[in-house]
Every structure is written in C-alpha cells, then in structure tokens.
Amino acid sequence: MILNLLLANERPVTFDSPLHLGDLPGVKEVLSLHGPVETSGRLDRTDHGYRLQVRFAFSAEISCSRCLGPISMKHEGDFELFLIPHGQEPTEDEHLLTPGELDLYYYDGTTVEADPLVAEQVVLAVPMKPLCREECLGICPNCGANRNDNPCGCEEVPSDSRWGVLADFKKSIKS
C-alpha cells in the first residue's frame, strides 16, 4: 500500500486495506500468514512531517521453539510512526536515541510504502520463544524425534560436568 503524503496536507487520510505480506523478506522466515494482514489507520500532517497511526490484525502459523511443531497464532495490535523528511534527521556523529525517537521514520519524496512498516510490526508481534504448550518436551538431541509424540528410546546424553554447579543452584532454588 502506497501512502500519498500530499493528500494529507489538506485533511487527514484514513485507510482500511488488507496487505499481502506473506512473501516479504523477514516475514516468510518467521511465520506463515493465513491470509492478508488487515490494516486500518490514519495519516495526519504535523508541524515537522506526518503522523501515521495503524491498527493491524493477522492470523498465522509459527513453529514451537522446542519441538518445531506448528502453532496457530492470532494477533491484533497498533502502532504510531512519525514520518520525517530526510534532511531533518540529527546531524551529529553520535546521537543518543530517546524513547520518542524510536518511532521516527525518515522518507524521501511524496509517497511512503506502508507494507514494510506493517511487516516489521507483524514480525515484532511474534513471541521470541513460542511454545506449543508449557510442558513441551522438544526434540531428541540424538535422533531428532519429537518427544511429545513418543519416547524415542535414546539414552540420555550425559551432561557436561562443568554445568553441575548450575544444576545444584537450580535444585536449591526449587527447595
């Protein structure tokens, strides 16, 4: 979806559009979307550029971080970005970012492609370590079998004795 910034100079621009982001780099490596990402939002003119407010929703399939099995996921979220023309960014060699500057996007021209901006938010919505269930047993490090389906019969790999101190610490925390 292309946002025409010139239209927002006269009055706020609203939109309601499905975005097909499943093939974008960064998205397809993390999740498999079950359709378009539903988006709606508003683009307003500000003193220094434009403010973009977007609400988005999607359903997808991701992989469990332990057993690599499929997990269905639904998410609704929103974000806000301030669009600032190139040339107005800080000029110092080093610049400490404040929390208010983390939602800035610098653009060239009179249009902004919204797809990568929404795709970034979709990827950020995916949990860092998704689990199919809390007690997921994962895959066997020897044969690669999914331990949730059947015990594989492999012998337990002896742990490195250097980790023993941490194991004792973990036991002391539980008791």
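No value in this document is a laboratory result; all are computed from the given coordinates. Just so we're clear, the structure is a prediction, and the values are computed from it rather than from any experiment. Cβ atoms come from the backbone with ideal geometry, glycine included; neighbour counts cover every protein chain shown.
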antiparallel share of DSSP beta bridges within the range 2-124, to nearest 5, in %, is 90 percent
Under 5 Å from the placed amide H of S65, counting only residues 5+ away or on other chains, we find L131, C132
The long-range amide H neighbours of L104, using H built 1.01 Å from N in the peptide plane and a cut-off of under 5 Å, are F82
Candidates T110, T39, T14; GNM for the chain (alpha-carbon contacts under 10 Å) flags as most fluctuating T110
Long-range amide H partners of L137, meaning residues 5 or more apart or on another chain whose placed amide H is closer than 5 Å, are N148
Residue-ordered couplings for the range 49-66, obtained by feeding phi - 60° into the Karplus form 6.51 cos²θ - 1.76 cosθ + 1.60 and rounding to whole Hz (Gly and Pro as x), are x, 9, 10, 10, 10, 9, 10, 9, 8, 7, 10, 7, 10, 10, 9, 5, 6, 9
In the chain, taking the dipole from +1 charges on Lys and Arg beta carbons and -1 charges on Asp and Glu beta carbons about the Cα centre, the listed residue (P130, L117, N150) farthest towards the positive end is N150
Filtering GluC sites (Glu not before Pro) in the range 103-151 by DSSP loop and by at most 16 other Cβ atoms within 10 Å leaves E134, E135
Most fluctuating of K129, K74, K28 in the GNM of the chain (C-alpha, under 10 Å) is K129
In a Gaussian network model of the chain with springs linking alpha carbons closer than 10 Å, the residue among R55, R45, R147 that fluctuates most is R147
Summing -39500 (n - 2.57) over every DSSP H run of at least 4 residues in the chain and dividing by its residue count gives a helix-only mean residue ellipticity at 222 nm, to the nearest 500 deg cm²/dmol, of -3500 deg cm²/dmol
